[in-house]
Structures are given as C-alpha cells and as structure tokens.
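Written out below as structure tokens is the structure these notes cover.
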Amino acid sequence: MEEQQERRNVGEIEPEGGQPSRNSGQTGLEPEEHRIDIVEISHRDWIESLRTAEERTQSQSQWPRIPKVPQMLRGTQDFKKFYEPRVISIGPYHHGRPHLYPGEMIKPLCARNFLADSKQDIEALYTKIVSNIEAVEKCYDWSSTKKYDDEKLARMMLLDGCFLLYFICREGMINVLKVHEIDFVEQDLFLLENQLPFGVLKLIFEGANFKVDLPMEKNIIKFVTVIGMPEGLSSEIQLKEVN
C-alpha cells in the first residue's frame with residue numbers, strides 16, 4: 001500500500017495545504033504541457049520524453065529568443081498592460097485574441113501596400129520565410145507555436161512583418177488607422193510578447209526596392225530611438241543578427 005502511494009507521488013509536487021498541483025495553474029510551469037507522469041507512460045516513452053524536453057531546452061535559434069513574461073508576474077494585478085497588446089498582435093503569443101480581431105483586418109491592406117511599394121513578390125517572400133521556419137519556431141516559446149503548422153506560422157510572419165515595416169515607414173498609415181489608434185499601436189509594438197525576430201524582418205526588406213528617405217535598417221533604428229527610447233535616455237542602437 002505504501003509502495004503504491006509512493007509511485008503515485010512520483011513527478012507530483014505537493015504544495016502547502018496537501019493538495020496535489022498537477023491540475024493547478026499556480027506552478028507557473030503550464031503543467032498540462034510540461035508534467036511527466038512516470039506511472040502512466042512506459043519506461044521507453046518516459047526516457048524519450050526526457051530527451052525531447054532536453055532538446056527543447058537546449059536548442060538555440062540562429063536568431064535571439066523572444067521570451068514570455070514569467071508566470072509569477074502574469075498574476076500580478078494590472079500587469080497585463082505591460083505585456084498584452086490592446087490593438088494589434090505581432091507574432092504567435094497573442095494571435096487570435098478576440099479583442100484584437102479589428103487589428104487583424106487592417107494587416108492585409110498594409111501588407112499589400114508595402115509589397116506594392118517595395119516591388120516584391122509575395123510568393124518569393126513566403127518561400128524565403130518557410131525555408132527558415134525552423135529558426136522562427138525556436139525564437140518563441142514552444143507552447144505557443146505548436147498549434148501552428150509551418151504554413152500557418154509562415155503566413156503569420158509574412159503578414160505581421162509586412163504590417164510592421166509598413167507602419168515603421170509611416171507611409172499612408174493615417175489613411176488606415178485613426179490618430180489615437182496609431183498611438184496605441186506604437187505602444188503595442190514595444191511589448192515583450194509582441195515581437196518578431198529581426199531575421200524575419202530582414203528576409204522581407206532585404207530585397208525591397210522602393211523610394212524612402214532612409215534605408216530600412218535606418219528607419220527601424222529611427223523608430224525605436226524616437227518612439228521606444230525612454231525620455232532622457234539616448235543610446236546608439238545597432239541592428240545585428242546573433243549567431
């Protein structure tokens with residue numbers, strides 16, 4: 001009897017109060033996705049799950065990783081405004097949220113305008129992103145990308161990337177968004193969980209051929225410096241890929 005009780009407790013954590021935590025959302029580790037129950041799976045499957053977990057932890061993308069806000073902070077009162085977008089979602093972390101649906105409706109128009117202005121073929125850009133989709137996946141938390149296949153994730157990256165670059169160039173945005181909406185979008189684009197890998201943006205703009213006052217890299221630096229830099233703080237920003 002004691003042996004059976006000990007086996008049931010393997011892989012479980014007993015929090016204060018004596019209640020098992022395997023179905024609780026309070027551990028911050030998303031237990032439904034990360035818990036390993038030694039009793040319910042075979043020895044071979046258990047060993048393989050450990051290897052897979054190690055690969056997910058140690059695997060590195062050719063581009064820097066975009067983290068999620070730690071669970072211990074997500075439960076803090078009124079903290080959502082620091083990581084959850086209000087108008088536009090960029091990347092997979094908040095994609096599909098109902099309150100962001102209006103923002104999804106303006107992305108195709110912005111993407112179409114950006115591609116037309118930059119004289120680029122959407123099929124060619126899509127192919128470039130798909131060929132790098134493994135690196136894209138490794139930039140994000142696995143739990144947020146597993147629900148998208150390569151095609152859906154590539155389409156998301158292409159649409160969001162074109163919108164983001166079009167917004168940074170500011171060409172015609174006043175015809176797409178209202179002034180107060182532009183202010184909210186600017187705030188959304190600097191949230192930790194609302195980012196695209198710079199590598200994706202580079203894939204999109206490196207073949208661009210359109211007339212702008214500055215090269216795209218300079219436009220990005222200008223946008224980050226003017227909009228995102230805290231008041232009173234000045235620093236030279238460098239864009240580079242980390243291998």
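Figures for the structure shown
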read-out	value
Of all residues in the range 81-111 being among the basic types (Lys, Arg) and in contact (Cβ under 8 Å) with a residue 24 or more places away in the chain, the one that is surrounded by the fewest Cβ atoms within 10 Å (Cβ to Cβ)	ARG86
In the range 197-243, the residues that are modelled with pLDDT of 85 or more, more than 22 Å from LEU158 (Cβ to Cβ) and loosely packed, with under 13 Cβ neighbours inside 10 Å	LYS218
Boolean, PHE190 is more than 16 Å from HIS94 (Cα to Cα) and among the hydrophobic types (A, V, I, L, M, F, W, C)	no
Conditions (1) touching a helix residue (DSSP H, G or I) at 6+ places or on another chain (Cβ under 6 Å); (2) surrounded by fewer than 17 Cβ atoms within 10 Å (Cβ to Cβ); (3) among the acidic types (Asp, Glu); number of the one not met by ASP121	(1)
Filter result for TYR101 (over 15 Å from the mean Cα position of the chain (by Cα), within 18 Å of LEU177 (Cβ to Cβ) and assigned by TED's automatic domain parsing to the domain that holds ALA208)	yes
Subset tally (residues that are assigned to a helix (DSSP H, G or I) and free of Cβ contacts under 8 Å to residues at least 12 places away in the same chain) for the range 183-209	1
Subset of the range 43-76 that is assigned to a loop (DSSP other than H, G, I, E, B) and modelled with pLDDT under 75 - its residue that is surrounded by the most Cβ atoms within 10 Å (Cβ to Cβ)	SER61
Selected residue (only one of ASP141, ASP117 is more than 17 Å from GLN195 (Cβ to Cβ) and in the same structural domain as PHE190 (by TED's automatic domain parsing))	ASP117
Given (1) out of contact with any Ser or Thr (no Cβ under 8 Å at 6 or more places or on another chain); (2) modelled with pLDDT of 95 or more; (3) assigned to a helix (DSSP H, G or I); (4) crowded, with 17+ Cβ neighbours inside 10 Å, index of the condition LEU153 fails	(1)
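The values are calculated or read from the model by the stated rules, or taken from the named source; none is laboratory data. Fair warning: this is a prediction, and the values are worked out from it, not measured in the lab. With ideal geometry, Cβ positions are generated from the backbone for all residues, glycine too; neighbour counts draw on all protein chains shown.
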